[in-house]
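Data first, discussion second: the structure below is written as structure tokens.
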Amino acid sequence: RAYNFNAGPAAIPLEVLQQAQEQFVDYHGAGMSIMEMSHRSALYEDVNNEAQSLMRELFGIPNNYKVMFLQGGASTQFAMLPMNLLREGQPAAYVHTGAWADKAIKEAKLIGETVIAASTADDKFMRVPSLSEIVVPANASYLHLTSNETIGGTQFQEFPDTGNIPLIADMSSDILSRPVDVSKFGVIYAGAQKNLGPSGVTVVIMREDLAQGSPKSIPAMFRYETHAKAKSLYNTPPSFSVYMVSLVLKWIKAKGGVAQMEQYNRDKTKLIYDAIDGSGGFYKGCADAKSRSVMNITFRLGSEELENQFVKESEQQGFVGLKGHRDVGGLRASTYNAVPLESCQALAQFMKDFQQRNG
Ligand code: PLP
């Protein structure tokens, strides 16, 4: 197996892939694969229900929240959220922390009035704002933030208290990587392809009152109410992806749950940040130390030439996905839940060896 540091789609636990392989052709004696089965069948309904209840259990989702499995990726949520929740005369407030927040803001602007509650553009998005920097208008429809900026490599360590104004978080790149007080949020959403399984399904966790009363002009597929009422079976769901998510959730549970995941992730990430910080400036972390992400580690070398050489040599040694995003440049290691500690140990060692050869 490669040392997979891809940003997304990303590593899936080996045990999960093996289990899916075993069940691939004949799911529980049905004589067919799960992907060939009716989504109205009892077997698939079990998968759908189990994925939803495991999500509730592992993430501590209160009973007054809906868990939905939708299609169209997190990018569709950038549009669906304002379509359903942005009210006339009540601007949608956004925290601007980089590339993904920017996309969410652009979509909301197409739907209605937006305001920037805080922005770290002046710091090239290499940090997240402190809570005191976030200013939300009292009449805001909601406040949206990106809990982890996958490209820049920054992550919120704490979340603002928004009172009656719903707090919405794009957790695409850090959902289930650490415990979160879900009751602080109106909506949490995430594309599955980083911490939850393969692409094709998007998890939306929404407080019940917000999933009701969308403007009547919105077509059925874009209304949360439709999916909430139908338990995510309004139309044909991405059944194979939901099944894979259910296996990943079982894997997280078997590992001890989300708090254990957080510790594991911190142990993994420390190896790489230590290699950066202990390099005497040979490697330079991109994000401000206090805003550093536990999921996406961004760093640079002295020249682009050296960075290209790093990527090339790393690939020769079995590492995948270390080239940084083109917007930021440099290098990025994505260390999601499924990335094994051994991969991070190998990367830290490779970084030290590379420095010895080129420092
Ligand atoms: N939000 C964040 C933080 C992401 O990292 C990504 C994808 O990488 C997206 C949104 C977009 O997700 P999707 O490709 O599922 O639309």
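A few points about this structure:
- Annotation: average projected area of the chain is 18.0 square nanometres, based on the convex hull of Cα atoms across all directions.
- Per-peptide average of other Cβ atoms within 10 Å, ordering 165-171, 208-214, 115-121, 297-303 highest first: 165-171, 297-303, 115-121, 208-214
- Furthest towards positive pole of dipole, Gly213, Tyr336, Ile188, structure part the chain, Cβ charges: Gly213
- Relative contact order (%) - criterion: Cα under 8 Å, at least six apart; region: the chain: 23
- Among Phe282, Gln356, Leu70 - extreme Cα towards positive end, dipole of the chain, charges at beta-carbon: Leu70
- In a reduced charge model with +1 at each Lys and Arg Cβ and -1 at each Asp and Glu Cβ, the stretch 256-358 shows a dipole moment near 160 debye about its Cα centre.
- DSSP finds beta bridges in the chain, and of those with both partners inside it, around 55 percent are antiparallel.
- Among the helices of the chain, those built from whole DSSP H runs whose Cα atoms reach 20 Å or more along their own axis and whose mean Kyte-Doolittle hydropathy is at least 0.0 are 239-254.
- Flagged links, alpha-carbon separation over 24 Å, of Lys184/Lys284; Lys194/Lys270; Lys253/Lys290: Lys184/Lys284; Lys253/Lys290
- For the chain, calculated [θ]222 nm from helices alone, where every DSSP H run of n ≥ 4 adds -39500 (n - 2.57): -11500 deg cm²/dmol
- The Cβ shell under 13 Å around Ala2 holds other residues with a net charge of -1, Lys and Arg each +1, Asp and Glu each -1.
- Taking amide hydrogens as placed 1.01 Å from N in the peptide plane, the amide H of Thr335 sits under 5 Å from those of Asn296, Ile297, each at least 5 positions away in sequence or on another chain.
- Gaussian network model of the chain, Cα within-10 Å springs - most flexible of Arg326, Arg178, Arg87: Arg326
- Its relative contact order, with pairs defined as Cα atoms under 8 Å and 6+ residues apart, puts the stretch 256-308 at 30 percent.
- Neighbour counts of C-beta atoms inside 10 Å place His96, His39, His28 in the sequence His28, His39, His96, starting with the fewest.
Taken together, the values in this text are just the output of simple stated rules run on the coordinates, not laboratory data. Quick caveat, the model's predicted, so the values are computed rather than measured. Every residue, glycine as well, gets a Cβ built from its backbone with ideal geometry; the counts of neighbours run over all protein chains shown.
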